[in-house]
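Written out below as structure tokens is the structure these notes cover.
The values are calculated or read from the model by the stated rules, or taken from the named source; none is laboratory data. Owing to the predicted nature of the structure, the values given are computational and were not obtained by experimental measurement. Cβ sites come from the backbone with ideal geometry, for glycine too, and all protein chains shown count toward neighbours. Accessible surface is based on the protein model in full, side chains and every heavy atom, while ligands, DNA and RNA are left aside. Shrake-Rupley method; radii C 1.70, N 1.55, O 1.52, S 1.80 Å.
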Amino acid sequence: MEYVIQQAINALSVGGEYALLALGLAIVFSIMNLVNFAHGELITLGGYAMFFAAATFVGNPVLLLPICVLTAVVAAMLFERIAFRPVRNAPATTGLLTAFGVSIVIQNALVIFVATRPKPVPVPSWMQGTMSFGGFNLPVVQILETGATVCAVAGLVLLLTRTNLGLAMRAAAKDFTVVRLMGIQANRVILGAFAVSGFLAGLAAVFILARRGAVDPLMGFTPVLKAFVACVLGGFGSLLGAAAGGLVLGILEVVLQATLPSDVAGFRDAIVFLLVGAALIWRPTGLLGTRAELGDKE
Amino acid sequence: MDLVRQTLLRTLIPAAILVAIAILVMRYGQPYQIRVGYVFFINLTMVVGLQIFMGNSGTASFGHAAFSGIAAYTVAILMTPLMLKRTLIPDAPFNLDQVVLGPIPSIILALLVTGVVAYVVGLAISRLKGVGAEIGTLAFLVIVHVVFTNWIELFRGPRAFYGIPIISNLWWGLGASIIAVFVAKLFRDSKYGVQLRASSDNMLAAKAMGVPVDRLRLIAWTLSGIVVGAGGVLLATNLGTIAPTSFYFNQTFLMMAMLLLGGMRSVSGAVCGTIVIALGSEITRTLESGPVLLGIDFPEMFGLTGFFLGAVIVLVMAFRREGILAGEEFEDIWDDMTRRLRRDKAPAAALDER
């Protein structure tokens, strides 16, 4: 029983992590048709900010957590300002390739200026432990992560439904031109979307780093790849689809991890992707995606 | 047949450039330059192969490096002498540790295997559109990499597979890349290529005109997979040693930078971009090792090549989205130039008549 509960909370936390990342990708994509390949680098940069802050002026590991999130937000906004603004109205492939380039630049800049080897990141010791919950021992990180995901998604829903900016974002996903005709500044909406996506990535980064305990230049790739797959599975551009896709992917992964015999466990990611691929053959536009019709936003 | 003849003619310009490069390298190059030249032709074959899919369908593919890996490993497993195989992969499935084939059948089989894999994967990829397809190719790259590194009985896992007979040289590379250019041009100018390019400009309109978009994407994907596979064969049969990392991210973004810089819409763009990046990355590689230039001692900087490749992609996308050649072929540029010359003369002639 304890094992089942542990695996369930594990699945929720992994799924939550993917959902946070996938939501960040989806919110940017829905507004400006950009697949942010460099989303994973927000995690990496957040991690390095923690590393440098710990090495220089921050003694208390708890203070490192907001630094990580803040760095991710600022980095996301800088990416938009510097790299993505020139390709704003370009086709999706152009944006994707630009972001791919940005991701390579950041990875290699970190290789050049910091190091290839992983650097340790201190996290508060209470995050590493387990807590007993209704008689079961569960890892604190996973419970926090599940909780944080729920809070973040709730906050996102409030932002999207209760604020002007959120309304503008949702409208921009349908038709940006009309939004701009209503007197809303395009730059503000897009910058807002990047800030939100950076915040979600930073939040996920905190938990990813708490698990790994170290940061290296290439660490952002695997999580963001999973987030991509979650987005495609849910239907690209749909926020609900991204969250659902992330959750399904996380659950699938944990189930396979728990049931696969050890000699094929290394193939887990390949099996997950193949299953997702099979699902997409059945529904090419994703679980919650819609078919493009003539005249739709392209 | 007419198309084949015309394409042969149109291949002459890039072929002449490539032959010139090969002769130059072989005549004046030290062993190191010859090696660089060979790698150039390998990359060129792969980039031209990648162009067949990306240039015609307009869909980016991050997965093609996997095809070069599949072909390279097939050649390696089929061609490596039995003695060596007994120590490298003693538990290979399907009794592959007891089979050894000559170079030609191995290469043909490798291309065949790559083609079959490409076709099967293509069945899924060609159904997805736009961003979904692009991420599908990325997932494919990761799947193949996971299989290479985890199927230890067949691929030796993350360790290198060595002892592959070294049979190819620079002339093989030259021949393969010229054939690749010819195939790519033939496809681009064929009915299929034209229809597929139309669909990349406007998918719904092309569909409405009766273009079988999915099938054409599948054909382009499979064909380009085989050509990229030929590049993998060259790599395996010249280096003699391969490892899964040779067919993963670094190769992917190297190919991507080469293709995008030249302009993915034309075969000539692929050739052009490969030449420029090959020269450029030689320079950055020298800088990376921390040389002493003009009396200044530069520090070692690993990652510089990657940094520049990424920067090239970002800058090209921001400032010259269509690449150096902007989707034109060499012969288009040639035609333009001659036409402009003629036009410059024409008014003068008209004045004379008056």
The conditions are (1) under 29 Å from residue B:104 (Cβ atoms); (2) of a type in the set (A, V, I, L, M); (3) within 14 Å of chain A (Cβ to nearest Cβ), and residue B:256 fails exactly one of them. Which is it? (1)
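Find the residue count for the range B:204-227, including only residues that are under 26 Å from the mean Cα position of the chain (by Cα) and surrounded by fewer than 19 Cβ atoms within 10 Å (Cβ to Cβ).
Here the count works out to 3.
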All but one of (1) aliphatic (A, V, I, L, M); (2) farther than 26 Å from residue A:95 by Cα; (3) buried (at least 18 other Cβ atoms within 10 Å of the Cβ) hold for residue B:100; which doesn't? (3)
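Is it fair to say residue A:122 is more than 7 Å from chain B (Cβ to nearest Cβ), modelled with pLDDT under 85 and farther than 16 Å from residue A:52 by Cα?
Details: more than 7 Å from chain B (Cβ to nearest Cβ): yes; modelled with pLDDT under 85: yes; farther than 16 Å from residue A:52 by Cα: no.
So residue A:122 fails the test.
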Quick check on residue A:167: is it farther than 25 Å from residue A:42 by Cβ and either in a helix (DSSP H, G or I) or in contact (Cβ under 8 Å) with a residue 40 or more places away in the chain (or both)? yes
Report, ordered by the first and then the second residue, all pairs with beta carbons closer than 7 Å, sequence separation of six or more or different chains, a first member in the range B:25-50 that is under 29 Å from residue B:225 (Cβ atoms), and a second member that is outside any helix (DSSP H, G or I). B:37/B:29; B:50/B:61
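Got a sec? Which of B:130, B:157 is farther than 25 Å from residue B:269 by Cα and either surrounded by fewer than 18 Cβ atoms within 10 Å (Cβ to Cβ) or within 14 Å of chain A (Cβ to nearest Cβ) (or both)?
Residue meeting the stated conditions: B:157.
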Conditions (1) in contact with a helix residue (DSSP H, G or I) (Cβ under 7 Å, 6 or more places away or on another chain); (2) open to solvent by 20 Å² or more (accessible area, probe 1.4 Å); (3) touching a residue at least 12 places away in the same chain (Cβ under 8 Å); (4) not aromatic (Phe, Trp, Tyr) -> residue A:118 fails only (1)
Select from the range B:103-124 the residues that are surrounded by 18 or more Cβ atoms within 10 Å (Cβ to Cβ), within 14 Å of chain A (Cβ to nearest Cβ) and under 21 Å from residue B:72 (Cβ atoms) and list them in ascending order. B:117, B:121, B:122
Subset of the range B:128-158, residues of a type in the set (Lys, Arg) and within 23 Å of residue B:107 (Cα to Cα), comes to B:156
Taking the range B:36-56 and keeping only residues that are surrounded by fewer than 22 Cβ atoms within 10 Å (Cβ to Cβ) and in contact with a Leu (Cβ under 9 Å, 6 or more places away or on another chain), one is left with B:37, B:39
Quick one: would you say residue B:245 is more than 23 Å from residue B:182 (Cβ to Cβ), open to solvent by 50 Å² or more (accessible area, probe 1.4 Å) and either more than 14 Å from chain A (Cβ to nearest Cβ) or assigned to a helix (DSSP H, G or I) (or both)? yes
Which listed residue, of A:78, A:42, is over 20 Å from residue A:247 (Cα atoms), in a helix (DSSP H, G or I), open to solvent by 10 Å² or more (accessible area, probe 1.4 Å) and at pLDDT 90 or above: A:78
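Tell me, which residue of the range A:81-93 that is assigned to a helix (DSSP H, G or I) and open to solvent by less than 30 Å² (accessible area, probe 1.4 Å) is farthest from residue A:193 (Cα to Cα)?
A:93
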Are any residues in the range A:94-107 open to solvent by 20 Å² or more (accessible area, probe 1.4 Å) and either more than 7 Å from chain B (Cβ to nearest Cβ) or in contact (Cβ under 8 Å) with a residue 60 or more places away in the chain (or both), and if so, which ones? A:106, A:107
Which one is surrounded by the most Cβ atoms within 10 Å (Cβ to Cβ) among residues in the range A:45-59 that are touching a residue at least 40 places away in the same chain (Cβ under 8 Å) and out of contact with any strand residue (DSSP E or B) (no Cβ under 8 Å at 6 or more places or on another chain)? A:46
Please pick out the residue among B:310, B:273, B:303, B:240 that is at positive phi and within 14 Å of chain A (Cβ to nearest Cβ). B:303
The range B:127-144, residues that are more than 20 Å from the chain's Cα centre (by Cα) and of a type in the set (Gly, Ala, Ser): B:130, B:132
Checked the range A:1-54 for anything among the aromatic types (Phe, Trp, Tyr) and under 12 Å from the mean Cα position of the chain (by Cα); matches are A:18, A:37
Report, ordered by the first and then the second residue, all pairs with beta carbons closer than 8 Å, sequence separation of six or more or different chains, a first member in the range B:253-269 that is more than 17 Å from residue B:314 (Cα to Cα), and a second member that is charged (D, E, K, R) and surrounded by 24 or more Cβ atoms within 10 Å (Cβ to Cβ). B:267/B:185
Any idea how many residues of the range A:219-238 are crowded, with 24+ Cβ neighbours inside 10 Å and either part of a helix (DSSP H, G or I) or touching an Asp or Glu at 6+ places or on another chain (Cβ under 7 Å) (or both)? 11
Residue A:137 fails exactly one of (1) in contact with a strand residue (DSSP E or B) (Cβ under 6 Å, 6 or more places away or on another chain); (2) under 20 Å from residue A:208 (Cβ atoms), namely (2)
With the requirement that a residue be open to solvent by 10 Å² or more (accessible area, probe 1.4 Å) and either within 12 Å of another protein chain (Cβ to nearest Cβ) or in contact with an Asp or Glu (Cβ under 8 Å, 6 or more places away or on another chain) (or both), what does the range B:58-76 give you? B:58
For the range B:184-193, does any single residue satisfy the condition of being part of a helix (DSSP H, G or I), over 30 Å from residue B:77 (Cα atoms) and open to solvent by less than 10 Å² (accessible area, probe 1.4 Å)? yes
Is it fair to say residue A:134 is on the phi > 0 side of the Ramachandran plot, surrounded by fewer than 22 Cβ atoms within 10 Å (Cβ to Cβ) and either more than 14 Å from chain B (Cβ to nearest Cβ) or acidic (Asp, Glu) (or both)? yes
Contact list, first residue from the range A:263-286 and polar (S, T, N, Q), second anywhere and assigned to a helix (DSSP H, G or I), beta-carbon distance below 9 Å, six or more apart or interchain, is A:285/B:132
Among the residues of the range B:313-326, count how many are within 8 Å of another protein chain (Cβ to nearest Cβ) and part of a loop (DSSP other than H, G, I, E, B). 1
Go through (1) in contact (Cβ under 8 Å) with a residue 24 or more places away in the chain; (2) away from chain A (no Cβ under 12 Å) for residue B:296 and report which single condition fails. (1)
